[in-house]
Amino acid sequence: MNFEAILISLLVIYLTVTIIELTGLHRFNLRYFDYGFKIYKREISHHFSNWTNLDGIYSEKEGNYVFLPDLRMGYFVSRFIVFRNLNFFVFYRGVPLTIFGKFLESENSLEITYFISYRLVFLISIWLIGWTVLPILTGSLLSIGIGIAGILFTSLMLYLVYTFQQGKMLIISDEIEKILKVRK
């Protein structure tokens with residue numbers, strides 16, 4: 001087999017796993033919520049929450065939510081949005097990043113844990129390893145400089161995406177509070 005065939009095979013496998021995982025997450029198949037890379041955790045103190053009247057899947061602006069009243073816990077997944085117009089000056093387009101997670105009420109606090117898929121962590125790791133290993137293998141000073149510039153640029157982009165996603169995660173936690181009618 002040649003390199004192109006191997007690359008195409010890996011790409012097809014990656015896309016198939018992505019479609020299976022995203023379908024499982026958006027259908028709230030709970031086994032998909034156990035595997036992910038934790039990116040953020042938030043704890044909210046409260047005195048009251050309305051668990052008894054919750055059943056089914058709730059859809060809000062940033063995410064979809066499901067509640068398990070008997071266990072006093074729930075799961076969420078961010079909505080699949082490619083284009084969003086926030087106001088006249090601010091809009092974005094691009095590949096959406098699926099954030100999923102779970103929340104649990106215990107000891108007068110609501111703990112919300114946010115995850116991204118391991119396949120995204122794997123993809124970013126391969127990208128960074130490529131920027132590191134390939135310049136070293138060529139051995140020229142110019143290629144090592146380009147590799148360092150690529151790593152710095154990738155790190156900056158990851159930081160900007162994470163900063164933007166933190167705002168999205170805070171909106172998700174506000175939506176969970178709104179649905180639960182949490183009183184502080």
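The values are calculated or read from the model by the stated rules, or taken from the named source; none is laboratory data. Fair warning: this is a prediction, and the values are worked out from it, not measured in the lab. We place every Cβ from the backbone using ideal geometry, glycine too, and count neighbours over all the protein chains shown. When the accessible area is computed, the model is the full protein with side chains, heavy atoms only, and any ligands, DNA or RNA have been set aside. Shrake-Rupley method; radii C 1.70, N 1.55, O 1.52, S 1.80 Å.
For the range 1-45, the set of residues classified as touching a residue at least 12 places away in the same chain (Cβ under 8 Å) and in a helix (DSSP H, G or I) consists of Tyr14, Val17, Thr18, Glu21, Leu22, Leu25, His26, Leu30, Tyr32, Phe33, listed by residue number.
If the condition is being open to solvent by less than 70 Å² (accessible area, probe 1.4 Å), assigned to a helix (DSSP H, G or I) and either under 30 Å from Glu43 (Cα atoms) or in contact with a Lys or Arg (Cβ under 7 Å, 6 or more places away or on another chain) (or both), then the range 114-153 contributes Arg119, Leu120, Val121, Ile124, Ser125. Going residue by residue through the range 165-182, is there one that turns out to be within 30 Å of Asn50 (Cα to Cα), among the basic types (Lys, Arg), touching a strand residue (DSSP E or B) at 6+ places or on another chain (Cβ under 6 Å) and open to solvent by 50 Å² or more (accessible area, probe 1.4 Å)? The answer is no, given that none of the residues of the range 165-182 is within 30 Å of Asn50 (Cα to Cα), among the basic types (Lys, Arg), touching a strand residue (DSSP E or B) at 6+ places or on another chain (Cβ under 6 Å) and open to solvent by 50 Å² or more (accessible area, probe 1.4 Å).
If the condition is being farther than 18 Å from Asn64 by Cα and of a type in the set (Ser, Thr, Tyr), then the range 1-34 contributes Ser9, Tyr14, Thr16, Thr18. Residues in the range 10-44 that are of a type in the set (S, T, N, Q) and open to solvent by 50 Å² or more (accessible area, probe 1.4 Å): Thr16, Thr23, Asn29. If you go through the range 46-57 one residue at a time, do you hit one that is surrounded by 12 or more Cβ atoms within 10 Å (Cβ to Cβ), closer than 23 Å to Glu177 by Cα and of a type in the set (S, T, N, Q)? Yes. The residue pairs whose first member lies in the range 111-133 and is over 20 Å from Arg31 (Cβ atoms) and free of Cβ contacts under 8 Å to residues at least 60 places away in the same chain, whose second member is open to solvent by less than 30 Å² (accessible area, probe 1.4 Å) and of a type outside the set (Gly, Ala, Ser), and whose beta carbons are closer than 9 Å, counting only pairs six or more residues apart or on different chains, are Ile124/Thr154; Trp127/Thr154; Leu128/Thr154; Trp131/Thr154. For Lys102, the conditions (1) at pLDDT 90 or above; (2) more than 14 Å from Glu175 (Cα to Cα) all hold with the exception of (2).
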